[in-house]
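All of the numbers you see were taken from the coordinates with simple rules; none came from a lab. Remember, it's a predicted structure, so these values are computed and weren't measured experimentally. Reconstructed Cβ throughout: ideal geometry from the backbone, glycine too, with neighbour counts over all protein chains shown.
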Ligand code: NAP
């Protein structure tokens, strides 16, 4: 039983400043809990997927970062940016300094397709591709070749919808977004004429949500095409859940569109599973197998076809990054835990705990749950915490970026914006650190 009584403060290091990390910090430090939290992130910028995963044209979703900013305003919460577990500090050191370490590191690795040709040039997993157009410093150099006529986006989730939409939107449609300028330039110069969203199962099993799907039918320059023959008869609608019913309505509305309606075509195709990616060194197409769905499962029919594509973006889910000495479930790509408890000092939360599912809001109950578990199970042991972390950073020349520093980065990004864009993001860590170093009146 935890004894978070006065004078005995529980020190917590949360690794990862995304939604799962912030909701956990919020729950841990609420009321008069005697807890302090350091939220440590390898990037100098907070908010994880809110900044680098949420689509640049979905700015309203990013407003949730205001809530995380408020949490960071608490005296007992600190953002420690630009410090990486495994690079600047080890897990053993963190456990030595803090009572508890919480992995809120998300699932930053692309799940592999596991088929021939996956390593060909022109094949980019959605984690890398989305990171690239969202100015994530790890993916700035991806440099995808968009001088292609046809793109295959694999998967039927919201990420596939995001990727297809960002490739299809015009410069005007993207003007009020924070799409990376280098990505905008390439996308607008691209001769892409056909974009395919490929589902291995059918429309009833699709994971995308109605709001995201219907956006695809309102694009300026791109027409969404669905083969009516791939949709179930509408007599099935009364048996469907609200979301599936709305998805069916959205898909049916697309069946009357014609390829000639707009210059770019977005083909939403179901019952096709990728068998191989083809090409010598660069991808030029996919071999797809036609499928059917039996009791929810995807079953091959043996009939195959070739789909030409010069760019392939598998959007098929993500995996956590293995960490030395932390048990890892290779199959599921998550840390092995008992409902978030890995060992007596180590916990995980969010996608790192349950895999890449749910919305941003799903992380709230997850954070509340893990905070309650920690407060129940861990007894403060008078660890050095913050002071010890700062001493290690100093000794190793790690340039910690604080939340006040982030606000300077934030201000510089917003000041660089033109034409209604909310900001122009820095894509380089050194540039972020330099912006954080600029002195202002509050220094
Ligand atoms: P997802 O929703 O799990 O969709 C993954 C898709 O990939 C599924 O259609 C899946 O098909 C398919 N897939 C998996 N393995 C495959 C394979 N080997 N070959 C072909 N297809 C394969 O994942 P996501 O799109 O990456 O999204 C992750 C989470 O973030 C989701 O919860 C999503 O809703 C959320 N998100 C939300 C928004 C938003 O709200 N605007 C935006 C982006 C992401 P099966 O179903 O057949 O496995």
Could you give the angle, 0 to 90 degrees to the nearest 10, between helix 242-254's Cα long axis and the longest principal axis of the Cα atoms of the chain? 40
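Please quote Rg/Rh for region 98-232 to two decimal places, taking the Kirkwood radius as Rh and restricting both calculations to Cα atoms.
Values: Rg = 16.4 Å, Rh = 16.5 Å.
Across region 98-232, the Cα-based Rg/Rh ratio is 0.99.
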Give the angle, between 0 and 90 degrees and rounded to the nearest 10, that separates the Cα long axis of helix 363-377 from the longest principal axis of the Cα atoms of the chain. 30
If I take every Cα pair under 8 Å that is 6 or more residues apart in region 217-258, average their sequence separation and divide by the length, what percent do I get for the relative contact order? 57
How high is the relative contact order of region 1-151, in percent, with contacts defined as C-alpha pairs under 8 Å that are six or more residues apart? 27
Relative contact order [Cα under 8 Å, 6+ residues apart], the chain, whole percent: 24
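With each run of n ≥ 4 DSSP H residues scored as -39500 (n - 2.57), what mean residue ellipticity at 222 nm is computed for the chain after dividing by its residue count and rounding to the nearest 500 deg cm²/dmol? The partial results should precede the final answer.
Details: 15 runs with 133 residues, N = 443.
The per-residue figure over the chain is -8500 deg cm²/dmol.
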Among 382, 131, 155: highest mean-square fluctuation, GNM of the chain, C-alpha pairs under 10 Å: 382
Using the Cα gyration tensor of region 1-114, with a ≥ b ≥ c the square roots of its eigenvalues, what is the shape: rounded (a/c below 1.5), prolate (a/b larger than b/c) or oblate (neither)? oblate
If you consider only alpha-carbon coordinates, what radius of gyration and Dmax does region 286-443 have, in Å? 23.1, 69
Could you grab the Rg to Rh ratio for the chain? Cα atoms only, Kirkwood for Rh. 1.00
Tally the DSSP beta bridges in the chain and give the antiparallel ones as a percent, rounded to 5. 35
Would you mind ranking 334, 370, 236 by Cβ crowding within 10 Å, fewest neighbours first? 236, 334, 370
At what distance in nm do the modelled label points of residue 60 and residue 419 sit from each other, each positioned 7 Å from its Cα along Cα→Cβ? 2.3
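Rounded to the nearest whole Å³, what is the per residue volume of the convex hull around the Cα atoms of region 19-75?
Values: hull volume 4.5 nm³, N = 57.
Per-residue hull volume (Cα only) is 80 Å³.
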Using only Cα atoms and rounding to the nearest 10 degrees, what angle (0 to 90) does helix 158-168 make with the longest principal axis of the chain? 60
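Rounded, prolate or oblate: pick one for region 119-194, where a ≥ b ≥ c are the square roots of the eigenvalues of its C-alpha gyration tensor, a/c under 1.5 means rounded, and failing that, prolate if a/b is larger than b/c, else oblate.
Rounded.
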Starting from a Cα-only point model with no solvent, please compute log10 I(q)/I(0) by Debye for region 73-177 at q = 0.22 1/Å. -1.31
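Mind pulling up the Rg/Rh value for region 207-350? Radius of gyration and Kirkwood radius, both on Cα. Don't jump to the answer; show the numbers that get you there.
On the way: Rg = 20.1 Å, Rh = 18.9 Å.
Reported Rg/Rh (Cα atoms, Kirkwood Rh): 1.07.
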Specify the residue with the greatest mean-square fluctuation among 419, 72, 158, computed from a Gaussian network of the chain linking alpha-carbon atoms under 10 Å apart. 419
Reduced Cα scattering model of region 315-408, Debye log10 I(q)/I(0), q = 0.11, 0.13, 0.17 Å⁻¹: -0.48, -0.66, -1.02
Taking the Cα centre of each part, how many Å lie between region 148-208 and region 336-410? 33
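According to the Kirkwood expression over distinct Cα-Cα pairs, how big is the hydrodynamic radius of region 184-246, in Å?
Working: mean 1/r = 0.0712 Å⁻¹.
Result for region 184-246, one decimal place: 14.0 Å.
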Relative exposure of 386, 165, judged by other C-beta atoms within 10 Å (fewest first): 386, 165
Expressed as a whole percent, how much of the Cα-Cα distance distribution for region 49-121 exceeds 21 Å? 53
Most fluctuating residue given options 233, 138, 162, as computed from a GNM of the chain linking Cα atoms under 10 Å: 233
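Can you sort 54, 401 so the residue with the fewest Cβ neighbours within 10 Å comes first?
Working: 54 22, 401 26.
Going from least to most buried by this count: 54, 401.
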